[in-house]
1. How many Å² of accessible area per residue for the chain, probe 1.4 Å?
2. Can you work out the FRET efficiency for the pair Ser46 and Leu22, with r the C-beta to C-beta distance and R0 = 30 Å, to the nearest 0.05?
3. Among [x] 7.0; [y] 28.1; [z] 9.5, only one was calculated for this model; which label is it, if the read-out is mean projected area of the Cα convex hull in nm²?
4. Relative contact order of segment 8-63, please, whole-number percent, based on alpha carbon pairs below 8 angstrom and at least 6 residues apart.
5. In whole percent, and with a 1.4 Å probe on the protein chains, what portion of the accessible area of segment 2-110 is carbon and sulfur?
6. Among the DSSP beta bridges whose two residues both lie in the chain, what percent are antiparallel, rounded to the nearest 5?
7. Enumerate the calculated ³J(HN,Hα) couplings along segment 28-43 in order (Karplus 6.51 cos²θ - 1.76 cosθ + 1.60, θ = phi - 60°), each rounded to whole Hz, writing x wherever the residue is Gly or Pro.
8. Suppose each label sits 7 Å from its Cα in the direction of the beta carbon; what would the Ile101-Ser11 distance come out to in nanometres?
Amino acid sequence: MIQLFDYWRSSASYRVRIALGLAGLQWESVSIDLVKGEQRSAEHLSRNPQGLVPALEIDGQIFTQSLAIIEYLDETRALGLLPGTASERARLRALAQAIAIDIHPICNLR
């Protein structure tokens, strides 16, 4: 069973939910309530020592960081999300990282 440890308001979690949907995968959402501080519980920290969401349990492993999760899904489920040339992939990754690294932190609880 695929489990996504996420929070409904997390934009990083939204990114992963979209990729899971594009992959046509069935998954169980396990809510980690960030407002209540559940991300700091021992149970969640054993999944993700950073205490963040999302964390995806799939293929007998746990992955963290939305962009890494999306690339894993792309590579293992042949989603075709990344363009063909290295220069196009670099441009796409730059855009994704600008959102995840520069814009996203302004909107999160940390």
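1. Working: 6780 Å² over 110 residues.
Spelled out: the 1.4 Å probe surface of the chain, per residue, equals 62 Å².
2. Details: r = 29 Å, r/R0 = 0.96.
Efficiency for this residue pair is about 0.55.
3. After the calculation, the listed value that fits is [x].
4. Values: 30 pairs, mean separation 15.5, N = 56.
Taking the mean separation of contacting Cα pairs over the length of segment 8-63, I get 28 percent.
5. Whole-percent figure for carbon plus sulfur exposure: 56.
6. Values: 7 of 11 bridges.
Around 65 percent antiparallel, to the nearest 5.
7. 9, 8, 10, 6, 10, 6, 5, 5, 7, x, 5, 5, 9, 5, 4, 4
8. Using points 7 Å along Cα→Cβ, the separation is 1.6 nm.
The values are calculated or read from the model by the stated rules, or taken from the named source; none is laboratory data. Please read all numbers here as calculations on a predicted model, not as lab measurements. All Cβ positions, glycine included, derive from the backbone under ideal geometry; neighbour counts span all protein chains shown. Quick note on the areas: whole protein, heavy atoms, side chains included, nothing else; ligands and nucleic acids left out. Shrake-Rupley method; radii C 1.70, N 1.55, O 1.52, S 1.80 Å.
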